[in-house]
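Worksheet: the structure to be examined is printed underneath.
The values are calculated or read from the model by the stated rules, or taken from the named source; none is laboratory data. In this text, all values refer to a predicted model and were calculated from it rather than measured experimentally. For neighbour counting, all protein chains shown are included, and Cβ atoms are generated from backbone atoms with ideal geometry for every residue, glycine included. Only protein heavy atoms, including side chains, enter the accessible area calculation; ligands, DNA and RNA are left aside. Shrake-Rupley method; radii C 1.70, N 1.55, O 1.52, S 1.80 Å.
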Amino acid sequence: MRTFISALATVLGILLASVAVPAMWVDRNIIQEDGFVRLAAPLGKNADFQKKLAGAAVGTIDTGSVPGALSGLVDSVLEKAAESLTQLPGYPAAWEETLRRSHRLSFASPAGESSGNAPASSLTLDVAPLVALGSEEISRATRLPLNPPEQTLINVGQPAHREWAERLATYAPMGYIAAIGSGIAFLLAFVAARRRWTVLFAAGIGGLALAGLWSLGVQLGSARAVTTDTGNAVANMFRDQFVGAAAADFQSWIAATAVTGGVLVAVGIVTLFASRKRVRASR
């Protein structure tokens, strides 16, 4: 009976861990704003992406109030602003604020909706901070007042992706509960086992198997994600870069799981030989 309980608890612990680890990663790096900003911030150093993003942001600046005689000058300044936007001192802060606004739109909480901040119908980038930075630079160069919009939205997904985001925001935090359950299950398995090395060995093999399955899942999921066309070149590039960054970050969690699994297997084997040695010595 003890062996059956131990085996059942070990399997339960592995199953719960298979859900807990990805869910916790999603919550920390996608659902939580600071984690999302940390994950996406390096995109601000991708020269090709930032050049296209700056061009798209500057291209939305409304110059309708500019006198016709100055339109040629303004067009020239717009081109220069698009080229130099990423070099401005205020660009890093504007990029971070762009990420934070975009996260709030895509993962708006019920409290945010009730306060009047309606969520976007799909995953969205709000590049208004970059537009404001470009407008300020153009106004400084031309001495013409420009009023940047409060929002400048670029869709980076479809409405179905927005639904998935809402589900993730709801269920991902439950990963911590699953992790606690997994820990309790492994503890029960260890206490109930007649041969405790078997629990260590099985848990290690389970960890190695999960690492392999997660790695395969990341490859398949990433390949599927980048095939979804948003209809916008800037959005497609953001999608590709972000998916790559997310996959690379989760790979570090997979590597940690694989190392832990390998250590448990090794400890289990050492424990097996140590127990056999004690049995022989007692005869």
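The table that follows gives values for the structure above.
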{"quantity": "Probe 1.4 Å - accessible area at Ser84, Å² to nearest ten", "calculated": "40 Å²"}
{"quantity": "Mean Cβ count within 10 Å, highest first, over the residues of peptides 246-255, 127-136", "calculated": "127-136, 246-255"}
{"quantity": "Extension gain, Arg276 back to Ile180 (0.36 nm per residue minus Cα-Cα distance, nm)", "calculated": "31.3 nm"}
{"quantity": "Nearest-0.05 FRET efficiency for Arg194 and Glu163, computed from C-beta distance (R0 41 Å)", "calculated": "0.25"}
{"quantity": "Ratio Rg/Rh, restricted to the stretch 150-190 and using Cα atoms, in which Rh is the Kirkwood radius", "calculated": "1.35"}
{"quantity": "Segment Arg38-Tyr171, length gained on full extension (0.36 nm per residue, minus Cα span)", "calculated": "45.7 nm"}
{"quantity": "Surface accessible to a 1.4 Å probe, Lys277 within the full protein complex, Å²", "calculated": "150 Å²"}
